[in-house]
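J.: My questions will all concern the structure given below.
The values are calculated or read from the model by the stated rules, or taken from the named source; none is laboratory data. Note that the coordinates shown come from a computational prediction; the quantities given were computed from them, not determined experimentally. Cβ: placed from backbone, ideal geometry, glycine included. Neighbour counts: every protein chain shown.
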Amino acid sequence: MTLWYAARAFGMVSVVLLSAVLVLGLLVSARRRPLLVLTGLHRSLSLLAVVFVATHVAAAVADGYVSIGWTDAFVPFASSYHPLWLGLGAVALDLVVALIVTSLLRARLGLRFWKAVHWLAYAAWPVAVAHGIGVGTDSALVLGLTAVNVTAVATALVARLRRRPPNPTPRTTPAAVARTTSGYAARTALNGKSETPPGGTAHAASGGAIGAVTGDVVRMAPAGSGGAGAGGVR
């Protein structure tokens with residue numbers, strides 16, 4: 001019976017940690033340049049959540065109060081004890097395992113595929129919450145923690161939707177315009193003939209000038225000065 005209560009306690013802590021990981025993930029993704037503190041905390045809480053989930057499952061299987069086997073823990077809806085709610089827990093566990101495996105093989109799988117699989121984290125959280133509600137409805141503490149977790153995630157999601165990260169496009173600054181103008185003047189002096197930006201005078205006053213300026217900005221910007229490189233997108 002002690003292991004049964006321990007399994008429930010580890011399960012509640014796991015949901016709290018998964019909620020915190022989801023909230024931090026939403027906050028980090030809303031920033032163009034995520035703070036190292038948030039990124040590090042997100043990674044640490046993710047690892048801690050995995051440890052608590054594994055302990056929760058191991059304690060539930062080891063306890064003899066309810067007949068739950070390893071097959072029931074990983075195969076959805078195979079258990080005779082609360083097949084629906086325990087099956088949702090198995091689904092959430094399988095999603096977490098998929099996230100762990102793909103993260104370990106991230107270098108071989110590629111960033112695009114890893115990001116696609118990483119979206120499973122957003123699916124694992126509501127499934128885990130539903131599992132906790134279905135199995136632990138006899139506890140007011142479970143319902144209270146669930147209400148707090150749902151409120152926190154919903155608030156972070158609304159904040160994330162309202163604050164979209166800026167488009168990673170170079171900005172046209174007066175210095176960049178001056179450099180572009182001087183570049184045209186230098187080429188004109190060397191070639192002995194006038195040179196206009198691509199697209200003609202009218203186009204250069206609008207989109208053509210912007211395209212030329214952004215090209216010079218990319219070429220002239222020193223390495224490591226920031227901007228919208230591929231490494232800046234998480």
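J.: Do any helices (runs of 4 or more DSSP H) lying entirely in the stretch 1-81 carry at least 3 residues that are of a type in the set (Phe, Trp, Tyr), and which ones are they?
T.: On the way: elements: 2-29, 36-62, 70-74.
Fully inside the stretch 1-81 and qualifying: 2-29.
J.: Right, another one. In the set Gly89, Gly69, Gly40, Gly25, which member is more than 26 Å from the chain's Cα centre (by Cα) and not β-branched (Val, Ile, Thr)?
T.: Numbers: Gly89 fails: more than 26 Å from the chain's Cα centre (by Cα); Gly40 fails: more than 26 Å from the chain's Cα centre (by Cα); Gly25 fails: more than 26 Å from the chain's Cα centre (by Cα).
Being more than 26 Å from the chain's Cα centre (by Cα) and not β-branched (Val, Ile, Thr) holds for just one of Gly89, Gly69, Gly40, Gly25, which is Gly69.
J.: Can you spot a residue in the stretch 109-130 that is surrounded by 15 or more Cβ atoms within 10 Å (Cβ to Cβ), in a loop (DSSP other than H, G, I, E, B) and out of contact with any Gly (no Cβ under 7 Å at 6 or more places or on another chain)?
T.: No.
J.: Another one. Do we find that Val37 is among the hydrophobic types (A, V, I, L, M, F, W, C), surrounded by fewer than 14 Cβ atoms within 10 Å (Cβ to Cβ), out of contact with any helix residue (DSSP H, G or I) (no Cβ under 8 Å at 6 or more places or on another chain) and under 25 Å from Val158 (Cβ atoms) in this structure? It would help to see each step written out before you state the result.
T.: Values: among the hydrophobic types (A, V, I, L, M, F, W, C): yes; surrounded by fewer than 14 Cβ atoms within 10 Å (Cβ to Cβ): yes; out of contact with any helix residue (DSSP H, G or I) (no Cβ under 8 Å at 6 or more places or on another chain): yes; under 25 Å from Val158 (Cβ atoms): yes.
When the stated conditions are applied, Val37 passes them.
J.: Something else about it: Kindly provide the set of residues from the stretch 1-56 that are among the charged types (D, E, K, R) and touching a residue at least 24 places away in the same chain (Cβ under 8 Å), ordered by number.
T.: Of the residues in the stretch 1-56, the ones among the charged types (D, E, K, R) are 8, 31-33, 43.
Within the stretch 1-56, Arg8, Arg31, Arg32, Arg33 meet the criteria.
J.: Considering only the stretch 42-65, I want to know if a residue exists there that is of a type in the set (A, V, I, L, M, F, W, C), at negative phi and modelled with pLDDT under 85. Talk me through it step by step, then tell me what you get.
T.: Looking only at the stretch 42-65, we keep the residues that are of a type in the set (A, V, I, L, M, F, W, C), and these are 45, 47-54, 57-62.
Pick out the ones that are also at negative phi and you get 45, 47-54, 57-62.
Right, trim to modelled with pLDDT under 85 and you get none.
Looking for residues that are of a type in the set (A, V, I, L, M, F, W, C), at negative phi and modelled with pLDDT under 85, one finds none in the stretch 42-65, hence no.
J.: Looking at the stretch 115-131 only, could you name the residues that are of a type outside the set (A, V, I, L, M) and either in contact with a Leu (Cβ under 8 Å, 6 or more places away or on another chain) or modelled with pLDDT of 90 or more (or both)? So that I can check it myself, show each step before the final result.
T.: Step one: filter the stretch 115-131 for residues of a type outside the set (A, V, I, L, M), giving 115, 118-119, 122, 125-126, 131.
Selection gives His118, Tyr122, Trp125, Pro126, His131.
J.: How many of the residues making up the stretch 63-82 are more than 20 Å from Tyr5 (Cα to Cα), surrounded by 13 or more Cβ atoms within 10 Å (Cβ to Cβ) and not small (Gly, Ala, Ser)?
T.: Within the stretch 63-82, residues that are more than 20 Å from Tyr5 (Cα to Cα), surrounded by 13 or more Cβ atoms within 10 Å (Cβ to Cβ) and not small (Gly, Ala, Ser) number 4.
J.: A further question on this structure: Based on what the data block shows, is Thr102 touching a residue at least 12 places away in the same chain (Cβ under 8 Å), of a type in the set (Ser, Thr, Tyr), assigned to a helix (DSSP H, G or I) and more than 26 Å from Thr151 (Cα to Cα)?
T.: On the way: touching a residue at least 12 places away in the same chain (Cβ under 8 Å): yes; of a type in the set (Ser, Thr, Tyr): yes; assigned to a helix (DSSP H, G or I): yes; more than 26 Å from Thr151 (Cα to Cα): yes.
Yes; evaluated as a whole, the condition is true for this residue.
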